[in-house]
Every structure is written in C-alpha cells, then in structure tokens.
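The values are calculated or read from the model by the stated rules, or taken from the named source; none is laboratory data. In this text the structure is predicted, and so the values were computed from the model without any measurement. Glycine gets a Cβ as well: all are built from the backbone with ideal geometry, and neighbour counts include every protein chain shown. Note: accessible area is taken over every heavy atom of the protein model, side chains too, but ligands, DNA and RNA are not part of it. Shrake-Rupley method; radii C 1.70, N 1.55, O 1.52, S 1.80 Å.
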Amino acid sequence: HVGPVWALADDGDGQWLASGGADGRVAVWKVEDGSLELDHLAHENGVRAVVFSADTTQLATAGEDRAARTWLFAAGQPLQLAKEILGHSAPVVGVEFHPEEQRLVTAGEDGIAKIWNIAIAESDGEQDAMESTTAQELLSLTGHRGGVTSVQFSPTGDAVLTSSRDGQLILWQTTSWK
C-alpha cells in the first residue's frame, strides 16, 4: 500500500489476510510466510473495509467512492469482480457477508445500512452484462441520525447490528425480511 492501511480481515482459517488502504488497493497475503498473493485496485478512492465470505471464495470491499464490491477469490488468480454495489450517497465504511445466504450488508456514512442480494446469476447469453454484475438492493435500514460506522450479522444471520456516529447501536431482526 501507498499511504495508510484502513482495513484488515482474516479468512477465519489462518491462511489469508486481506488489507485495504487509502490508495484504493486491496492486497491479500499468505499468513504462513507473509508473502503477497495479490494486489488489486479495488476502488477509485480508499478502501474502508474488507471481509472474506465464510467459504473464502469471495472478498467484499467498501470504499470512499460510495461503492462496495464483491470479488471472486481463488489462490493464484487475480480478483474477478462478482458484484458492484451502488446505492449509498456517501462513502461505504462497513461490509459484511451473511453467514449462509447470498446476502451482504453495507454501512454508509449517509446514515443508512443496506441489505443486498449478491447471488451470482447464471448467464443465459441474453442477460445484460451490467445486470449480472449489479447487486440488488433488498432493504434500507434507516433509524440512525449519523453515519453508520459498522455492521455485523449475527452468527445465524437472523439479526444485524449497526453502530453509528449518533452513539447508538440498533439490533435489526432479519426474520421478517425473507
């Protein structure tokens, strides 16, 4: 990275560590020997958050450019964009995968957390390429009076916890969203 590193995430198995920085880059490191596996320009501006999916096949990033993205991750391969996540009016500062479903939650400095469908559709040859890489917004969680600073799914995925610059934590039950 050139400049500050703003985000770190491990894969949960002790094999990989991802970092995101003010330079807009995401890097993935092998924990075993500290070697750099890949370095990728992920956002036009800084990367504020990075996280691995539970099965380590995807990486999600959140950026100063008001976007989040999911990337297909495989050792020895460059990152491949899976989903573009657009819909916040301010930087996206937090991101978290649902523990079981193809869902993602994002935290925005616009005061909103959003739930997204990130399922990767099978291409039928006729589907517009933009549609296939754009995530579908499922729900906006509004209730904070300041920027949302962090988001976290519960281990079972039946709740989301958000924190905010307004000093509040809100626990959102997800059972009614399905």
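Structure summary
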| item | result |
| --- | --- |
| Net lengthening on full extension, Val31/Thr156 (0.36 nm per residue, minus Cα-Cα) | 42.3 nm |
| Gaussian network model of the chain, springs between alpha carbon atoms under 10 Å - residue of Gln102, Gln136, Gln77 with greatest fluctuation | Gln77 |
| Listed residues Thr134, Thr57, Thr70, most fluctuating in the chain (Gaussian network, C-alpha, under 10 Å) | Thr57 |
| The chain - accessible surface per residue (Å², probe 1.4 Å) | 50 |
| Heavy atoms of Asp10 accessible to a 1.4 Å probe, total area in Å² rounded to 10 | 100 |
| Candidates Ala62, Ala113, Ala54, ranked by Gaussian network fluctuation over the chain, Cα under 10 Å, top entry | Ala54 |
| Inter-probe distance in nm under a simple model that places probes 7 Å from Cα toward Cβ, at Asn117 and Ala90 | 2.9 |
| Separation between Cα centres of the stretch 13-37 and the stretch 56-122, rounded to whole Å | 18 |
| Radius of gyration and Dmax over the Cα atoms of the stretch 1-120, both given in Å | 13.1, 40 |
| Rounded to the nearest 10 Å², the accessible area of Trp29 at probe 1.4 Å | 80 |
| Over the stretch 22-178, relative contact order from alpha-carbon pairs under 8 Å, at least 6 apart, % | 15 |
| Total formal charge among the other residues, if their Cβ is under 12 angstrom from that of Trp116, Lys/Arg +1 and Asp/Glu -1 | 0 |
| For the stretch 128-168: span of alpha carbons on each principal axis (Å, largest first) | 42, 26, 13 |
| Sum of -39500 (n - 2.57) over DSSP H runs of 4+, divided by residues of the chain (222 nm, nearest 500) | -500 deg cm²/dmol |
| Percent accessible area from carbon and sulfur atoms, the stretch 1-86, protein chains only, probe 1.4 Å | 49 |
| The stretch 4-75 - Rg over Rh from alpha carbon coordinates, Kirkwood radius | 0.94 |
